[in-house]
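Chemist: Here it is, the structure, as structure tokens.
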Amino acid sequence: MAGTRIHRTGPNAREGFAARAGTGGRGNRRVRATRRASGHERSDLASRVIAALPAIALALFLVIEGGSIFALGVLVFGCICLHELYAMYERAHPVRLAGFLSLAGLLAAALYGGPAQVLLVTVIVLPVVFGLTLTQRHPSVAGVSVTLLGIYWISLALAHAVLLRGLSHGQGIVIDVLVGTFIGDTGAYLGGRLFGKRPLASTISPNKTVEGLAIGMLCAVVAVWFAGRYQDWLPGTHALVLGLGVAVVAPIGDLFESFVKREAKVKDTGRVFGAHGGALDRLDAVLFAVVVGYYIWAAYS
């Protein structure tokens with residue numbers, strides 16, 4: 001009887017085992033793929049943080065030092081950002097000298113003058129760019145446009161960073177803006193990875209999602225508010241308004257840089273941060289956040 005049962009059910013048993021083995025194999029492959037993806041995301045986040053640590057340390061040093069040291073450091077970062085932008089649009093023949101001179105002039109006006117002097121330099125920039133354009137081998141409106149894009153996007157924003165640092169408690173506010181931007185960006189990255197379903201702007205940046213944006217904005221507001229708890233001169237309501245300002249404009253800065261890169265058909269603006277891109281890739285959100293941070297804090301000062 002036992003032998004008969006084995007003989008009669010053996011094929012079915014083997015088929016059932018094969019079916020279960022096949023299903024289990026596919027399931028195991030899916031599990032392994034999921035684990036690999038999860039592990040890759042964790043390693044990618046870790047490498048992003050590690051790559052950012054030296055920049056964070058340098059930024060803190062410059063902000064704490066303030067004055068001419070801060071302005072000099074901002075000048076170096078600004079030159080790198082301008083170089084990356086002009087390299088992406090080299091075919092337009094931007095006037096690099098005009099861009100670098102305008103950056104230095106705007107930072108000097110912010111350091112040794114004030115908003116009125118920054119505005120004056122901003123007005124002077126256009127005729128200077130035009131004059132230097134005429135000395136180019138290939139003068140063009142496209143070259144003027146790209147040059148001015150760098151000046152008004154990068155240089156003017158960095159001048160606002162110097163203006164903000166010069167305000168009362170400017171050191172703390174600059175740090176708050178940087179913390180809110182960094183934490184918000186990290187929150188958007190993780191939130192998009194974990195919960196992202198609806199694309200935010202698929203034609204500009206396919207990986208960004210509405211869910212990631214919402215989580216990133218919440219993280220930015222909380223981060224600035226929490227940082228303000230350690231600054232007894234910063235009321236909670238002021239910190240919330242500052243955090244909200246950063247939360248709203250920082251993602252716009254990120255999207256704007258993605259738009260500029262997509263039009264130039266490049267993935268990263270440079271290799272200053274190795275596999276994690278260039279200076280513009282890391283400062284895109286800051287270039288917007290520091291401007292709104294200045295005007296919010298100037299209104300409270």
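The values are calculated or read from the model by the stated rules, or taken from the named source; none is laboratory data. No experiment lies behind these values; they were computed from the predicted model shown. FYI the Cβ positions are ideal-geometry reconstructions off the backbone, even for glycines, and counts take in every protein chain you see.
Chemist: In region 134-143, what residues are over 12 Å from E90 (Cα atoms) and part of a helix (DSSP H, G or I)?
Modeler: The one that is over 12 Å from E90 (Cα atoms) and part of a helix (DSSP H, G or I): V141.
Chemist: Test V123 against the stated conditions and say whether it is at pLDDT 95 or above, out of contact with any helix residue (DSSP H, G or I) (no Cβ under 8 Å at 6 or more places or on another chain) and part of a helix (DSSP H, G or I).
Modeler: The answer is yes for V123.
Chemist: For region 132-143, which residues satisfy the criterion of being farther than 21 Å from L107 by Cα and surrounded by fewer than 22 Cβ atoms within 10 Å (Cβ to Cβ)?
Modeler: Across region 132-143, the qualifying residues are T133, L134, T135, Q136, R137, H138, P139, S140, V141, A142.
Chemist: Read through the list (1) at pLDDT 95 or above; (2) surrounded by 19 or more Cβ atoms within 10 Å (Cβ to Cβ); (3) closer than 30 Å to G170 by Cβ, then give the number of the only condition that S68 fails.
Modeler: Evaluating S68 over (1) at pLDDT 95 or above; (2) surrounded by 19 or more Cβ atoms within 10 Å (Cβ to Cβ); (3) closer than 30 Å to G170 by Cβ leaves (2) as the failure.
Chemist: Here is a further query. Pull out all pairs, ordered by first then second residue, where Cβ-Cβ is under 7 Å, the residues are six or more apart or on different chains, the first lies in region 134-151 and is without any contact (Cβ under 8 Å) to a residue 24 or more places away in the chain, and the second is part of a helix (DSSP H, G or I) and surrounded by 14 or more Cβ atoms within 10 Å (Cβ to Cβ).
Modeler: From residues that are without any contact (Cβ under 8 Å) to a residue 24 or more places away in the chain, the pairs are L148/V129.
Chemist: Return the residues of region 257-288 that are within 10 Å of the chain's Cα centre (by Cα) and either hydrophobic (A, V, I, L, M, F, W, C) or within 15 Å of S205 (Cα to Cα) (or both); say none if nothing qualifies.
Modeler: Of everything in region 257-288, those that are within 10 Å of the chain's Cα centre (by Cα) and either hydrophobic (A, V, I, L, M, F, W, C) or within 15 Å of S205 (Cα to Cα) (or both) turn out to be E257, S258, A279, L280, D281, L283, D284, A285, V286, L287, F288.
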